[in-house]
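Comments concern the structure below.
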Amino acid sequence: MLARALTTEESSRFLQKCTRIAVPAYLALALFVSPLVGKFFPARELFRQSRDYLRPDMEFGAVDFSEPSLVWYFRARVNKFMTLLDRKNVESFMAEEGPRFAVLPTDAAAKIFPAPPPEWKSFSTRGFNAVKGKRSDLTLILKPD
């Protein structure tokens, strides 16, 4: 029945008008609104801060933050897949050989790594976790080698 209704000339004109309105509206959202809103996402900000230190061979893990945006941003520079960690095994993950980094809540980072080695890097940000609908304070701890 829907197909019959859409085959009329009047319906066709209505769909054309909708398309003429929807395409520019979605394009404006994608080009202008998304970059403005993206600043509030912690994964984007952590990537922006750490991107100069990232290498394709790095391992990376996350504690209590496994949002798709984390993989989306970091896979642009890191070829490995994200490892889901918990607060108990993040320290052993970071102690393993090779370059790696972990993203974890800032309070956990301060407790687990109160005095990281001087060659390690640390980046922190606050943002909004859209998936969980709450604010997030995250820290990225990076071991360059």
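The values are calculated or read from the model by the stated rules, or taken from the named source; none is laboratory data. Quick caveat, the model's predicted, so the values are computed rather than measured. So basically every Cβ, Gly included, is an ideal-geometry build from the backbone, and we count neighbours across all protein chains shown. These area figures cover heavy atoms from the full protein model, side chains too; ligands, DNA and RNA do not enter into them. Shrake-Rupley method; radii C 1.70, N 1.55, O 1.52, S 1.80 Å.
I need the full set of residues from the range 117-137 which are at pLDDT below 95, in contact with a strand residue (DSSP E or B) (Cβ under 7 Å, 6 or more places away or on another chain) and not hydroxyl-bearing (Ser, Thr, Tyr), in order please.
Passing the criteria: ARG126, GLY127, PHE128, ASN129, ARG135, ASP137.
Looking only at strands (runs of 3 or more DSSP E) that lie completely in the range 5-108, which have at least 3 residues being at pLDDT below 80 and in contact with a Gly (Cβ under 9 Å, 6 or more places away or on another chain)?
In the range 5-108, no matching strands (runs of 3 or more DSSP E) lie anywhere.
Looking at the structure I just gave you, is LYS111 open to solvent by 50 Å² or more (accessible area, probe 1.4 Å), free of Cβ contacts under 8 Å to residues at least 12 places away in the same chain and assigned to a helix (DSSP H, G or I)? Break it down into steps so the answer makes sense when it comes.
Working: open to solvent by 50 Å² or more (accessible area, probe 1.4 Å): yes; free of Cβ contacts under 8 Å to residues at least 12 places away in the same chain: yes; assigned to a helix (DSSP H, G or I): yes.
Yes: the conditions hold for LYS111.
Residues are listed down the side, and each one gets a yes or a no for (1) open to solvent by less than 90 Å² (accessible area, probe 1.4 Å); (2) within 14 Å of the chain's Cα centre (by Cα); (3) free of Cβ contacts under 8 Å to residues at least 12 places away in the same chain; (4) more than 17 Å from LEU138 (Cα to Cα):
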| position | (1), (2), (3), (4) |
| --- | --- |
| ARG48 | no, yes, yes, no |
| LEU54 | yes, no, no, yes |
| PHE74 | yes, yes, no, no |
| LEU85 | yes, no, no, no |
| VAL90 | yes, no, no, no |
| GLU97 | no, no, yes, yes |
